[in-house]
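Following this message is one structure expressed as structure tokens.
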Amino acid sequence: MNETPLDVKNAFKEKFKEEPRLFYSPGRINLIGEHIDYNDGFVMPAAIDKGIYFAIALNDAEKINCYSIDFDEIISLSLSQVEKMDGWKNYVLGVVNEFQKMNLPVKGFDCAFGGNIPIGGGLSSSAALEGGISFGLNELCNFEMSRKDLALLGQRAEHNFPGVMCGIMDQYANMMGKKNTVILLDTMNVTSEYIPLEIEGYEIILINTKVHHSLAASEYNQRRKECEKGLEILKKGLHIHSFRDIKKPEDLLPFKNEMGNEIYNRCLFVVEEILRTKKAAHLLKENDLAGFGKLMFQTHEGLKNLYQVSCKELDFLVNAAKENQDVIGARLMGGGFGGCTINIVRQEGVESFLSRILSDYKKQFNIEAESYDVKVVDGTHEILRMELFP
Ligand code: GLA
């Protein structure tokens, strides 16, 4: 994956005849608050300069023609035949299906897309795909839906077609992202606050394990169910509505027997992570990056031991990061079972950190990990001036 907007425009021109409009739809990072967007927690994502470019035009033909440059595959079907398919096609068709369910008249369209986001790397290429299609169609068909409603539509598309019962974090970051700020998102009320990302002297470095263990989707849905079961028990015993109403992790202890170890551990992580993210937001506002970084390491421990969504490759990278004085925080990011770690690293230490960790990783797993130095950018938008996106 390494297409520029110009590559995407050219690929469109080779396949189709119209003059397309161009859009950029970003992937996301998440500084802290993992696996709590479907547990009424707070999360702290941001849109990044790794994403997908789309060239889209209406075609007067009542047909969807959509071309993925990377897979070199095309979907061609009538608007009345939208149904579940496999892989990337489900994200595109899932979005069309949601518009149709709202009785919004999607018109026939041609589309080509490609970009620079690693697929399956945990940077939410899926939300980027949903967001680009929904934003583009919203513009071209004049549906006038708000960004927030488009994010919610993308989430429903993901639930109904690929069947991943995701939270709202990825689609929200994709639509609502703002340059150089992180979003403190309250996932219960779907409201947010922007916090300036003032990290002069530091870089956000992602390291891609290059593994994606196949249980990711099924384990994800299972975690969600485990948390639902745990919450039911807590609701009865504590007269609360949500995990966020629990003020101290110790309040869970009396329910350990009834829950069983596994569900208890999941709930304990959720309660701790909600508290941790609130604290992290406070530290970020105070510009206490060192304190913030410590919480990131704690999140990783919880995801590994209590929530059990890590894997040996991710643990290796986080342990190696912890040993490096220039890294102030690191953890697995996203759903887990592979994908990327996120690291906050002192600028002058980045080069030596990377050369060491990438070669150690290669020795250990015989895999070439990749690293990305990411910048925080605006959410999905139309590209009006080509030169801004070389
Ligand atoms: C995936 C999901 C998100 C979120 C993260 C874990 O990226 O799509 O909704 O649950 O995992 O924090």
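Can you sort 300, 381, 239, 282 by how many other beta carbons sit within 10 Å, fewest first?
Lowest count first: 239, 282, 381, 300.
A further question on this structure: If you take every residue apart from residue 218 with its C-beta less than 13 Å away from the C-beta of residue 218, what net charge results, scoring Lys and Arg +1 and Asp and Glu -1?
Values: positive: 223, 224, 225; negative: 219, 226.
Summing Lys/Arg as +1 and Asp/Glu as -1 gives +1.
Considering the options 207, 11, 233, tell which one lies farthest towards the positive end of the dipole of the chain, charges being +1 on Lys and Arg and -1 on Asp and Glu at the Cβ, about the Cα centre.
After comparing all options, I get 233.
Place the peptides 81-88, 288-295, 140-147, 304-311 in order of packing, highest mean first, counting for every residue the other Cβ atoms within 10 Å and averaging per peptide. Walk me through the numbers on the way to the answer.
Values: 81-88: 13.0, 288-295: 17.5, 140-147: 14.6, 304-311: 19.2.
Per-residue Cβ counts within 10 Å, averaged per peptide and sorted highest first, yield 304-311, 288-295, 140-147, 81-88.
Follow-up question, since we're still on this one. Among 221-231, 99-109, how do they line up from the highest to the lowest mean number of other beta-carbon atoms within 10 Å? Display every interim value, and only then the final one.
On the way: 221-231: 17.5, 99-109: 15.6.
Peptide ranking by packing, descending: 221-231, 99-109.
Magnitude of the Cβ-charge dipole of the stretch 255-337, K/R +1 and D/E -1, about the Cα centre, nearest 20 debye? Working shown, then result.
Working: 11 positive and 11 negative charges, 33 e Å.
Rounded to the nearest 20 debye, it is 160 debye.
Provide the gained length on full extension for the span residue 148 to residue 251, in nm with one decimal, where the gain is 0.36 nm per separating residue minus the Cα-Cα distance. Write out the running numbers ahead of the final one.
On the way: separation 103, 0.36 × 103 = 37.08 nm, distance 3.45 nm.
Gain on stretching residue 148 to residue 251: 33.6 nm.
Taking the beta-carbon count within 10 Å as an exposure proxy, list 316, 161, 71 from fewest neighbours to most. Please report the intermediate quantities before stating the final value.
Values: 316 18, 161 23, 71 12.
Fewest-to-most Cβ neighbours within 10 Å comes out as 71, 316, 161.
While we're here: Please report Rg over Rh for the chain, where both radii come from the alpha carbon positions and Rh follows the Kirkwood definition. It would help to have the intermediate numbers written out before the result.
Values: Rg = 21.0 Å, Rh = 21.5 Å.
Result for the chain is an Rg/Rh of 0.98.
Modelled label-to-label distance, residue 200 and residue 86, 7 Å Cα→beta-carbon offset: nm?
Label at residue 200, label at residue 86, 5.3 nm between them.
Roughly how big is the chain's charge dipole about its Cα centre, with Cβ charges of +1 (Lys, Arg) and -1 (Asp, Glu), in debye to the nearest 20?
On the way: 44 positive and 56 negative charges, 149 e Å.
In debye, rounded to 20, the chain gives about 720.
At residue 101 and residue 70, where each label point lies 7 Å from the Cα along Cα→Cβ, what is the point-to-point distance in nanometres?
2.6 nm
Residue farthest toward the positive end of the dipole of the chain, with Cβ of Lys/Arg at +1 and Asp/Glu at -1: which of 174, 287, 43?
Value: 43.
Quick check on the chain: helices-only [θ] at 222 nm, where DSSP H runs of length 4 and up contribute -39,500 (n - 2.57) each and the sum goes over total residues. Nearest 500, please.
-13000 deg cm²/dmol
Positive end of the charge dipole of the stretch 226-385 (Lys, Arg +1 and Asp, Glu -1 on Cβ, about the Cα centre): tell me which of 305, 249, 352 has its Cα farthest that way.
So the residue we want is 249.
Would you please give the FRET efficiency between residue 315 and residue 355, computed as 1/(1 + (r/R0)^6) with r the Cβ-Cβ distance and R0 = 22 Å, to the nearest 0.05? Working shown, then result.
Working: r = 21 Å, r/R0 = 0.94.
Between residue 315 and residue 355 the formula returns 0.60.
If r is the Cβ-Cβ distance from residue 279 to residue 211 and R0 is 25 Å, what FRET efficiency results, to the nearest 0.05?
Once the sixth-power term is evaluated, E becomes 0.20.
On to the next question. Rank by packing, highest mean first: peptides 320-328, 246-254, 26-34, with packing defined as the count of other Cβ atoms within 10 Å averaged across residues.
Values: 320-328: 17.6, 246-254: 13.8, 26-34: 28.3.
In decreasing order of mean packing, 320-328, 246-254, 26-34 become 26-34, 320-328, 246-254.
Just so you know, all these numbers are worked out from the coordinates, no wet-lab data involved. Quantities reported herein were computed from a predicted structural model and do not represent experimental measurements. Positions of Cβ are backbone-derived with ideal geometry, glycine not excepted, and every protein chain shown enters the neighbour counts.
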